[in-house]
């Protein structure tokens, strides 16, 4: 048997007829034999009823009835988990309407809507939900009274009607909408049959505007059954056609076609078979790689005994992959797959349809079939409503749910006539549901006493459980976490035998797993209590047992909670009043007995739990206790360096008295060579004070009537260092020459002495110290020429066992400052009084003080003044007035001082600069009465005022005359000097014994030495233009050096004084007021003012 493929003609019916002719005339060159049909894929000749599994659980189901028959033909889900079921619904006054129900995720009906078109019948076949735009679409067909039209209806997801569109075939044949799909951009695609030999695909936008359409023609009858869309808006359609020509005689062939978003054909394939003459596709689905899966009815000679559920797979380019036959339909060709979905994540295929039921011969049930990605049958679910139940549509939710829609006969009438169907929707979980865990083989009573139990659980739904994990814990299990123990993992059974349990409380829980998730059973509690098992008792007791301390050992008694130790003077066969309890509640497997009495004693151990006791064998112990062990210690150091120590020994149990021995060698036996220090004493210590170095050995023996016990041998080693010497010195504080002697006391046990020094207090002897002298036998040591600084000294007494350090003394060696030289930068003589002193460094000095006197300084006393003290720098600046001065600097430190040489400075300061001016002289000075003033010339004793008719450059010139000599700083002229009108020049000279200083030259002009009046301006501050009443003012600015002003006027421009010019005013005023009209009343007047002086 072969599969045949051929490409269809899509142009027109005429072209279709041409292809039909060519098909026969060219012996069908487009038909290709390729893949052989795989008979091995048929798993059953007849599906047994035992293989049909009734659904034991579903999330929910609902049947909806309105007026008659309501069918659920397809189902979808939105992003919020709401379920939409669409199909035809009966109407009381019409045949059918479009119907849609919306359920929430819990199966509660939210609303239902029906659409009534323009005709008597409106049949809904499919719906699609646009979750982006919150709308959904219904597609089907409506009868208008004369023809069937394809119909598309838009609703909001809240159930609000928006619009509808209808499509009529141009050929006049009926148009039947079959499928609808929406892409991510909101464009909606519908497909349907628009004639017996054709189907049409159309694209609409969100608003119902048709964008494009395409009609595909066949040369034989064709039925469209399904359509899906991929993420790139490619459309995949399937259906089947009928052929009755060679070689496809009396054949139904499956059609698969891929069309892009522009509705252009990408590829077309036909699937047919030589042996099975019926291949009617029913549904189409895509996986995540856009591989194509088609479910169809595969039939043989139209016989109901030869009908099969069938699966075909192509890749996205139309290349054939495989086909599988799933199982045989039992009765008629209605028993076929109706829809298909693909779980790409877990590689599963799900199909829905109908299958014969078990209630009676005509019973039909909904069936869901699960296959792997290669089409291999896995198992099925069935749903039985009691009568005829059809599965039509299937939706897969990646969260792990399947939604099935269809129809059921709600009247439960077993006859086939007058069936009344209701819309059916079922929600199946794909991941396991919770299930019940039970406990078998549990011994009667509160506890299980043999440690063997059996866990079993009902099979979790759905059936496709991969495995189970069994957990246990010692606490109630409320959640699965890391604290639980995994008892069994990957288990595939539903019962489990648990053996070897010991006493305790156990909790068990089972978790079921498949590809979609897991579920958990209840937890159960198991309490196990076993009677303790037999065990053996032993001990490490000696015979006789001389210290009463021994250990009992026993094997673990299985199931024992704890143990009790018993003893008795007779053999222990049972626990009664003659038996004493040594200890109880013991959880260890050993116990140390500490007896303090003599005699023979039997011991036994009892293993206990809540069920009962088990007694061990007996152990007989003969006890004769000698003094208990004792330990000898001392508080002596090792070696001990002071000879004072105490020997102490622990009390020996059962001892009556003690004897202390000593020897000069290690003691291994008590014999006559030992020296007894204490004999038969009850004391537990003894104090020793020994001043001789050496090793001493001690041992103590405890006695009673049963014997004695000897302590350890204790060695005490005495290595006594010298006593500490006391150190002193004859150094002063500070010591100013570095010569001094150290003295120390005579020290017991000292062989020699070592002197150490350091710059900080010495608290221990180490390598950082300096050694002044060593192995000295005398008790003093003289140090000479020791350097300056703070020095610390200790003396260490030495012998072969160590050294002992004296007290630490501090000797401060500090020399007085060394001589140094004082110098100055003063000139000789110094003429400004400003000078500096500086001196060389005085080695050892901390500070310096500066002294001055008017006499030579031999010592600091009367007449010597300190001017600076505690200086740390070696220079200073001074200012003194004229005179003779002597200076010295003294350097100081804590040890003394050092005086510099004398420095003599003679200061002779001449008068300082000053300036000459006049505070009241005007320019020119008109009356010759004025004053001259000059600033003080510092250090001046006298002032001389000179004058001349010319600039004074030389005081000794013949034309320069002395006008004043004295100490005043001004001179007043009360009358004219010399010629009345002239320029006079002045200069002042200040003098003292060390020199003189001239002022600036200053001149004063007296009278009018040829100066004419300066220019000035004439104006009016109130005359208007024109002046209406002739009353106004003339004003002029002051002309410097002018004595008098003449105001002239004329009727013409005044350029010179002539006969046309008239004098109006003469005087010293700077304005003139017109109180009446001048000259002609109405005219132009010209004015000019002249300024005069002598």
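The values are calculated or read from the model by the stated rules, or taken from the named source; none is laboratory data. Values in this document were obtained by computation on a predicted structure and should not be read as measured data. Counting neighbours? That spans all protein chains shown, and the Cβs are built from the backbone with ideal geometry, glycine included.
Restricting attention to the range 639-649, does a residue exist that is touching a strand residue (DSSP E or B) at 6+ places or on another chain (Cβ under 6 Å), in a loop (DSSP other than H, G, I, E, B) and on the phi < 0 side of the Ramachandran plot? Within the range 639-649, one or more residues are touching a strand residue (DSSP E or B) at 6+ places or on another chain (Cβ under 6 Å), in a loop (DSSP other than H, G, I, E, B) and on the phi < 0 side of the Ramachandran plot. Could you tell me whether residue 973 is touching a residue at least 60 places away in the same chain (Cβ under 8 Å) and closer than 20 Å to residue 922 by Cβ? Against the criterion (touching a residue at least 60 places away in the same chain (Cβ under 8 Å) and closer than 20 Å to residue 922 by Cβ), residue 973 does not qualify. Quick check on the range 249-291: of everything there that is assigned to a strand (DSSP E or B) and surrounded by fewer than 18 Cβ atoms within 10 Å (Cβ to Cβ), which residue is modelled with the lowest pLDDT? Across the range 249-291, the extreme among qualifying residues is 249. Looking only at residues in the range 1052-1094 that are part of a strand (DSSP E or B) and in contact (Cβ under 8 Å) with a residue 60 or more places away in the chain, the one that is surrounded by the fewest Cβ atoms within 10 Å (Cβ to Cβ) is 1092. Condition (residue is modelled with pLDDT of 85 or more and in a loop (DSSP other than H, G, I, E, B)) applied to the range 292-313: is it met by at least one residue? No. Given the condition assigned by TED's automatic domain parsing to the domain that holds residue 927 and under 25 Å from residue 908 (Cβ atoms), answer yes or no: does some residue in the range 977-988 qualify? Yes, the range 977-988 contains a residue that is assigned by TED's automatic domain parsing to the domain that holds residue 927 and under 25 Å from residue 908 (Cβ atoms).
Take residue 659 and tell me if it is assigned by TED's automatic domain parsing to the domain that holds residue 582 and surrounded by 16 or more Cβ atoms within 10 Å (Cβ to Cβ). For residue 659, the condition - assigned by TED's automatic domain parsing to the domain that holds residue 582 and surrounded by 16 or more Cβ atoms within 10 Å (Cβ to Cβ) - is not met.
Meeting the requirement of 3 or more residues that are without any contact (Cβ under 8 Å) to a residue 60 or more places away in the chain, the strands (runs of 3 or more DSSP E) wholly within the range 801-915 are 834-839, 847-853, 865-871, 875-879, 883-893. For the range 460-483, the condition of being touching a residue at least 12 places away in the same chain (Cβ under 8 Å), within 30 Å of residue 604 (Cβ to Cβ), outside the structural domain of residue 382 (by TED's automatic domain parsing) and surrounded by 20 or more Cβ atoms within 10 Å (Cβ to Cβ) holds for none of the residues.
For the range 258-279, the tally of residues that are closer than 20 Å to residue 177 by Cβ and without any contact (Cβ under 8 Å) to a residue 60 or more places away in the chain stands at 1. With the structure loaded, tell me whether residue 321 is surrounded by fewer than 24 Cβ atoms within 10 Å (Cβ to Cβ), in contact with a strand residue (DSSP E or B) (Cβ under 9 Å, 6 or more places away or on another chain), at pLDDT 90 or above and not in a loop (DSSP other than H, G, I, E, B) or whether it fails that test. In short, yes. I'm checking my understanding of the structure. Among residues of the range 1012-1026 that are touching a strand residue (DSSP E or B) at 6+ places or on another chain (Cβ under 6 Å) and part of a loop (DSSP other than H, G, I, E, B), which one is nearest to residue 1043 (Cα to Cα)? So the residue we want is 1013.
Looking at 159, 145, 140, which one is at pLDDT 95 or above and either more than 57 Å from the chain's Cα centre (by Cα) or outside the structural domain of residue 179 (by TED's automatic domain parsing) (or both)?
Numbers: 159 fails: either more than 57 Å from the chain's Cα centre (by Cα) or outside the structural domain of residue 179 (by TED's automatic domain parsing) (or both); 145 fails: at pLDDT 95 or above.
Only one candidate qualifies: 140.
Among the residues making up the range 610-638, those that are assigned to a loop (DSSP other than H, G, I, E, B), in contact (Cβ under 8 Å) with a residue 12 or more places away in the chain and over 24 Å from residue 571 (Cα atoms) are 610, 611, 626, 627, 628, 629, 630, 631, 635, 636, 638.
Taking the range 710-751 as the range and being assigned to a loop (DSSP other than H, G, I, E, B), in contact (Cβ under 8 Å) with a residue 12 or more places away in the chain and under 30 Å from residue 896 (Cβ atoms) as the test, the residues that pass are 730, 731, 733, 734, 736, 737, 738, 739. Close contacts from the range 436-455, counting a first residue that is within 24 Å of residue 560 (Cβ to Cβ) and not assigned by TED's automatic domain parsing to the domain that holds residue 521 and a second that is surrounded by 14 or more Cβ atoms within 10 Å (Cβ to Cβ) and at pLDDT below 85, with Cβ to Cβ under 6 Å and a gap of 6+ residues or different chains, come to none at all.
Filtering the range 366-394 down to residues that are in a loop (DSSP other than H, G, I, E, B) and closer than 23 Å to residue 408 by Cα, which residue is farthest from the chain's Cα centre (by Cα)? Working first, answer last.
Taking the range 366-394 as the starting set, the residues that turn out to be in a loop (DSSP other than H, G, I, E, B) are 373-376, 384-387.
Pick out the ones that are also closer than 23 Å to residue 408 by Cα and you get 384-387.
Numbers: 384: 57, 385: 58, 386: 62, 387: 64 Å.
Looking at the filtered set, the residue picked out is 387.
Residues in the range 1015-1051 that are within 30 Å of residue 973 (Cα to Cα) and either in contact with a helix residue (DSSP H, G or I) (Cβ under 9 Å, 6 or more places away or on another chain) or in contact (Cβ under 8 Å) with a residue 40 or more places away in the chain (or both): 1039, 1041, 1042, 1043, 1044.
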